[in-house]
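All remarks here apply to the structure that follows.
The values are calculated or read from the model by the stated rules, or taken from the named source; none is laboratory data. Computed from a predicted structure; not experimentally measured. Note that we place each Cβ from the backbone using ideal geometry, even for glycine, and neighbour counts take in every protein chain shown. For accessibility, only protein heavy atoms count, side chains too; no ligands or nucleic acids. Shrake-Rupley method; radii C 1.70, N 1.55, O 1.52, S 1.80 Å.
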Amino acid sequence: MEQSILDEPEADTTTRRYEEARAAAHRAMSSVTLVPDKPADEQAEPERLSYRGFKFGAAFFGWLIMGAMLVLLTALVGGAATAAYYVLGYTRTDLEDNAGTVAISAAAAVVLVICLAFYTGGYVAGRLVRFDGMRQGFGVWMISLLLIVCGCSVGAFLNSNYDYTGRIERPDVPLADDSLLTGGLITAAALLMLPLLFALLGGRTGQRYHHKIDDLIP
């Protein structure tokens, strides 16, 4: 009986401490403010972010490869067309009689060659970087567009002073002016948009090389 009386103060002290601990834990939990997770870009390390984005060096070397492929493919297609001209025995009269077919075939060949060249350039640019391959492909296209605009501006300035186009003897193409205008507009639109799409696709394909390596790393 005496032992139980002595144990009562100790039991009350333990219970009181337990209740105080529960109250402190409740106050701590009620004062917690939930912070949403940061986006993936904010969670990335600054070192990794420095490698993302557009890289002029990769786009420039991709543009160089694009130019080399354009020359190579043009030479191959031109050689094949010349060989077919002599082997099949076409004459100038045959070409003039089928001027529409020849014009469509030539335009399609030009568009195909340019698209393949831009795909190769975009692939190389995307392969040179680890991230954002499509931006490098866009850079290849943009560099080409800027150079074309600069070249056309210089050519227009020189032509206004020296009239170079007036000295060119243009062949008499047996096609109506409306057909030439429509075909020219369609070809120009294709040469503006299709190379961009192929360059973006090439950049994305080149970037997949690094993704495959990342998948192999544990």
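Things to note:
- Test result for Leu116, in a helix (DSSP H, G or I), over 30 Å from Arg52 (Cβ atoms), under 23 Å from the mean Cα position of the chain (by Cα) and not small (Gly, Ala, Ser): no
- Among the candidates Ala108, Ala103, residue that is farther than 15 Å from Gly62 by Cβ and surrounded by fewer than 16 Cβ atoms within 10 Å (Cβ to Cβ): Ala108
- For Arg204: the one exception among (1) open to solvent by less than 100 Å² (accessible area, probe 1.4 Å); (2) of a type outside the set (Val, Ile, Thr); (3) modelled with pLDDT of 85 or more: (1)
- Of the listed requirements (1) on the phi > 0 side of the Ramachandran plot; (2) modelled with pLDDT of 90 or more; (3) of a type outside the set (Phe, Trp, Tyr), Ala125 misses just one: (1).
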